[in-house]
Each structure stands twice: as structure tokens, then as C-alpha cells.
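Below is one structure; the comments refer to it alone.
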Amino acid sequence: MYTQAMDTAPKEERKAVRSAEEALLEARFEARIDDGGFIEAKDWMPQHYRKTLVRQISQHAHSEFVGMLPEGNWTTRAPTLKRKAILLAKIQDEAGHGLYLYAAAETLGTSRDQLLDALHTGKAKYSSIFNYPTLSWADIGVIGWLVDGAAIMNQVPLTRCSYAPYARAMVRICREESFHQRQGFDALMVMMKDGTEAQRDMVQEAVNRWWWPSLMMFGPPDGESVHGAQSARWGIKRISNDDLRQKFVDATVEQAKVLGVSVPDPLLQWNEVRGHHDFGPIDWDEFWRVVGGHGPCNQERLAARVKAWDDGAWVRDAALEHARKQATKEQAA
Amino acid sequence: MSTVQNEWPLFEVFVRAKAGLDHKHCGSLHAPDAKMAVQLAREVYTRRQEGTSVWVVRSSDITASDPGDKDMLFDPAEDKVYRHPSFYELPDAVNHM
């Protein structure tokens, strides 16, 4: 997981005045992107492109890190050893994905400490979905199925992102991510097929809570998306928020049937003319409330993240000091 | 919160997928020293048997060509088509040479 269309930062005005040399470099840069070419870390790029990427990649990385927290809540309470091993593997993947992405963001000239500082001080955003609580074991299955499913829809087009270090990280992430969605669906399937009435109700109740927040993961509607047009122009975003959301709904409705759960949307129905499912209006007030820091778990998540970082400080410092000592010893020898 | 001076140095990671293949660059990570970098590379880059061997090298120790010199460095090879076997048209009888 987990990028959400993260274009939730205020739009910045681009500098209008440029030198002749800069204009030439920018023309070359644009031509390369139009050709479907890739931009590498040391290549010239407009400041705004660099800034947009640092914001998007780091928000994506933060989402991977914070995404470990709702799942970590269930590692000690997974119902079987098998499910526990699977959950641990998934959580370790999220850490790995965060690390690939932080490394990609750092190629743009920002430091890991700066990136983490932005997260820990609340300056940077992460995916709004993680500000919802994981109340039952079914939530872990539903996160895999819906949340990771939505994330995969968002992420696959990013493997063709014009910024090559990001695209390469995304290739790796997408390759590993498929297991995340499948294990979630599998866990739910077991409860629906072999479970008790109470367990089936638990799955339905979890679907009811996660459905709308999952649809919000694709970000605001295309008309309100502040960075959409520029990001599309630069090959950072290849498919629009609304198109991805539609694709997700169409795919997921069929999966819900297989699972035997209903989708909590009375307006959901197949539209023969469009060849897609119509669905009800999304509560964007809720989305902006959660993005703005007022979701059910915003404070808890950030506090847990900051605590983990602070509690680990002595380990990081000791490891560095040990390395320094070893290096001095070797020099002396 | 640690300061920039306390940030672990950056390493580039190269993984050999299986015996007989080259080590290939697969990403980077921060580690206090090379020994730990190998350990961490195992956790970060080979969770699914992607490798049988890992190299790590401090990013600051890598010397790279300047992308601005790309044309100067690599274009001279462009017009040397005679370095490729397909440049030579031989009679059919010996064309498998």
C-alpha cells in the first residue's frame, strides 16, 4: 500500500520569470517526457516537478509506515499461528515499501531526517485511511481486500511514472503487494464460508465501515483535484482519480458477490449505457475532516509513530557510535 | 529527534539473484556501517528469496559520470556501426559466421 491521490496540499504558483537557459532546459525536459522518456535523479528538472515528487513520494512513504500501526494492533490477537505469520509478513512488507520510497524521495535532494521530521511534526500528510480504527479481526481481512485493493489500483499506473527512481520502487512494491490483497480476501472467505453467523456479521460490519473510506483513497473528484492536471502533464499521474475509483468499484462489486457480502450503498447499480456501476455520493466533508487531522485516530497514530521514533533513538545512536569506534580501531591497527 | 549529523550514512545495495548472474543495483538504505548494511539489505531487499549474495557500498564512494556529459561520452559510438556484426553482408553460404 498505500498511496492515496495525495494532491491535498495547497496549489503553489509557479514562477513566471525564467532565464533563457532555464527555459531551454525546461523545453528539453518537457520534450523528454512527451517522448515517454524517464527522468533520473541527476538529470535537470524544474523545481516544481522536484517539489511535487518529494511531496507525493514522501507522503506515500509515510503512509506505508503509519499503515503498519492499525495492523500491528492485531498481531498478538490473530486467530491462528498461520494468520499471525501472514500478518507479520505483510507488516514487514509495509516497512520495506516505506524504505524503498524514502530512498526514492532522498534521490531528489532531501534527507531522511527532514522527511521523518515533516511526518512527526504533522507537517506532512499520509493516507487518510489509516486514521480509522481496526475494531475487529474482520477489519484486517477487509483492509487487505479493500484498502490494499484500492492501493494497488492507484499504484500500478505509478510503475510508469516519469521519475525513474519512483517508478522502480513502485515496480518492486506492486510485485509484493498482490499477496496483501489476496491474503485479506482469503481471510474473509474463510469466515464467510466456514464461520459462524456472528463471524459473518462481523465481516459485513467491517465492510460497511471500510467501504466509503476506501473509495476516498482515490482522492478528491477530478474537478477539485488541485495538482491533477500538472501531474498528468508530467507523467507523474497517469490515470485520473475518478477513473481509478470507477475501476475499483467495478472490480470490487463482483468480488463482494463471491464473498457473499453487500456493499453499503443503496444507489449502487449497474449502468448498461456506461458499462460501469453507478454509485452514491461520497461524503467529501468527512474526507477533508480526516485529512485535516480530525479523523477518529489521527492523534493516536501520530503519537504512536513519534513514540516509536523517540524510543528507538538510543539504538540508532548506539549503532552509529559502535561503527565510529570500530572505524577508529581499524585505523589505529 | 536526531539531527542530520546523526543520520546513518547511505549505502547502495547490489544483489545477485542466483549463482551465475551479475550483482545488480536494487536500491539504497541507511545503515551505521557496512556490516549492518548487509544485514539490513537482507531484510529490505531479499524477503522473497530475491538473492543469494549482497554487495553494499557507501553511496559517497561511488563516482558517476555527469548526465550533462552524456552526449560527449556516449555519442561517439553512434556512428561506429562497423563494430556490429550486422554491418557485414556476407554471401549466404557463409552468412551464419
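The values are calculated or read from the model by the stated rules, or taken from the named source; none is laboratory data. As the structure is a computational prediction, the values presented were derived from the model and not from experiment. For neighbour counting, all protein chains shown are included, and Cβ atoms are generated from backbone atoms with ideal geometry for every residue, glycine included. All accessible areas refer to the heavy atoms of the entire protein, side chains included, with ligands and DNA or RNA removed. Shrake-Rupley method; radii C 1.70, N 1.55, O 1.52, S 1.80 Å.
Which residues belonging to the range A:308-325 lose at least 50 Å² of 1.4 Å-probe accessible area when the assembly is complete, relative to their chain isolated?
Relative to the lone chain, where solvent access is computed with a 1.4 Å probe, the range A:308-325 loses at least 50 Å² at A:LEU320.
Using 1/(1 + (r/R0)^6) with R0 = 41 angstrom and r between the beta carbons of B:TYR82 and B:ARG42, what's the FRET efficiency to the nearest 0.05?
E between B:TYR82 and B:ARG42, to the nearest 0.05, is 0.35.
How about the range A:78-126: which trypsin sites (Lys or Arg not before Pro) there are in a DSSP loop, with at most 15 other Cβ atoms within 10 Å of their Cβ?
Answer in residue order: A:LYS123.
Of all the stretches in chain A, which is the longest one without any exposed loop site, taking GluC sites (Glu not before Pro) in a DSSP loop (any state but H, G, I, E, B) with at most 10 other Cβ atoms within 10 Å?
Counting only loop sites that pass the neighbour cut-off, the longest clear stretch is A:14-271.
Would you work out what percent of the accessible area of chain B, with all protein chains in place, is carbon or sulfur (probe 1.4 Å)?
C and S fraction of accessible area: 56 percent.
Expected output is a single nm value to one decimal: the length gained when fully extending between B:ALA64 and B:ASP92, i.e. 0.36 nm times separation in residues minus the C-alpha distance. What is it?
Gain on extension, B:ALA64 to B:ASP92, equals 5.6 nm.
Wrap a convex hull around the Cα atoms of the range A:136-243, take a quarter of its surface area, and give that in square nanometres.
7.3 nm²
Could you pull out the GluC sites (Glu not before Pro) across chain B that fall in loop regions by DSSP (anything but H, G, I, E, B) with no more than 12 other Cβ atoms inside 10 Å?
Answer by residue number: B:GLU78, B:GLU89.
Could you work out the relative contact order of chain A? I mean the mean sequence separation of Cα pairs under 8 Å and 6+ apart, divided by the number of residues, in percent.
Normalised by residue count, the contact order of chain A is 22 percent.
Short version: which residues of the range B:22-47 lose at least 20 Å² of accessible area, all chains versus chain alone, 1.4 Å probe?
With the partner chains in place, the range B:22-47 has these residues losing at least 20 Å²: B:CYS26, B:SER28, B:HIS30, B:PRO32, B:ASP33, B:GLU43, B:VAL44, B:TYR45, B:ARG47.
Quick one: net charge around A:ASP186, please, counting Lys, Arg +1 and Asp, Glu -1 for every other residue with C-beta under 13 Å from its C-beta.
Computed value for this residue: +3.
Using the reciprocal of the averaged 1/r over all distinct C-alpha pairs, how large is the Kirkwood radius of chain B in Å?
One over the average 1/r among Cα pairs gives 17.3 Å for chain B.
For B:ALA19, put the label point 7 Å out on the Cα→Cβ axis and report which residues of the range B:26-53 keep their amide N under 17 Å from it.
Flagged as within label range: B:50-53.
What's the local net charge at A:TYR100, with K and R +1, D and E -1, over the other residues with C-beta under 9 Å away?
+1
Tell me the net charge near B:PRO76. Cut-off is 14 Å between Cβ atoms, B:PRO76 excluded, with +1 for each Lys or Arg and -1 for each Asp or Glu.
Within the 14 Å Cβ shell, the charges total -2.
Take the alpha carbon atoms of the range A:142-199, find their center, do the same for the range B:1-68, and report the distance between the two centers in whole angstrom.
A separation of 27 Å, based on Cα centres.
Of the listed pairs A:LYS90/A:LYS193; A:LYS42/A:LYS90; A:LYS90/A:LYS125; A:LYS237/B:LYS35; A:LYS123/B:LYS70; A:LYS84/A:LYS247, which have alpha-carbon separations greater than 27 Å here?
The answer is A:LYS42/A:LYS90; A:LYS237/B:LYS35; A:LYS123/B:LYS70; A:LYS84/A:LYS247.
How many percent of the alpha carbon pairs in the protein assembly as shown exceed a separation of 30 Å?
The calculated P(r) of the protein assembly as shown puts 50 percent of pairs beyond 30 Å.
Might you tell me the accessible area per residue for the range A:51-125, computed with a 1.4 Å probe and given in Å²?
34 Å²
What is the set of long-range amide H partners of B:SER53 at a cut-off below 5 Å, with H atoms built 1.01 Å from backbone N?
So B:SER53 has HN proximity to B:ARG16.
Full extension from A:ALA164 to A:VAL258: what is 0.36 nm times the residue separation minus their Cα-Cα distance, to one decimal in nm?
Once the chain is fully extended between A:ALA164 and A:VAL258, it gains 30.0 nm.
With the other protein chains left in place, how much accessible area per residue, in square angstrom, belongs to the range A:222-333 at a 1.4 angstrom probe?
60 Å²
Quantify, in whole percent, the carbon and sulfur part of the accessible surface of chain A (1.4 Å probe; protein heavy atoms only).
Exposed carbon and sulfur together represent 57 percent of the surface.
GNM on chain A, C-alpha springs below 10 Å: top fluctuator among A:ASN131, A:ASN298, A:ASN271?
Judging by the Gaussian network model, the answer is A:ASN271.
With a 1.4 Å probe, what is the total accessible area buried between chains A and B, in Å² rounded to the nearest 100?
Separately minus together, A and B give about 2000 Å² buried.
With +1 on the Cβ of every Lys and Arg and -1 on the Cβ of every Asp and Glu, and nothing else charged, how large is the dipole of the protein assembly as shown about its Cα centre, in debye rounded to the nearest 20?
Around 1060 debye, computed over the protein assembly as shown.
Please work out the average accessible area per residue across chain B, using the 1.4 Å probe convention, and give it in Å².
On a per-residue basis, 75 Å².
Using a Gaussian network for chain A with springs between C-alpha atoms less than 10 Å apart, which of these wobbles most: A:SER136, A:SER162, A:SER214?
Top of the fluctuation ranking is A:SER136.
Determine the calculated [θ] at 222 nm for chain A from helices alone, applying -39500 (n - 2.57) to every DSSP H run no shorter than 4 residues and normalising by the residue count; nearest 500 deg cm²/dmol.
Taking each H run of at least 4 residues, the total per residue is -20500 deg cm²/dmol.
What fraction, in whole percent, of alpha-carbon pairs in the range A:33-192 exceed 18 Å separation?
The share of Cα pairs beyond 18 Å in the range A:33-192 comes to 59 percent.
So which residue, out of B:LEU29, B:LEU40, B:LEU73, gets the largest mean-square fluctuation from a GNM of chain B using Cα contacts under 10 Å as springs?
Judging by the Gaussian network model, the answer is B:LEU73.
Can you tell me the dipole magnitude for the range A:35-96 around its Cα centre, using point charges on the Cβ only (Lys, Arg +1; Asp, Glu -1), in Debye to the nearest 20?
Charge dipole of the range A:35-96: 360 debye, to the nearest 20.
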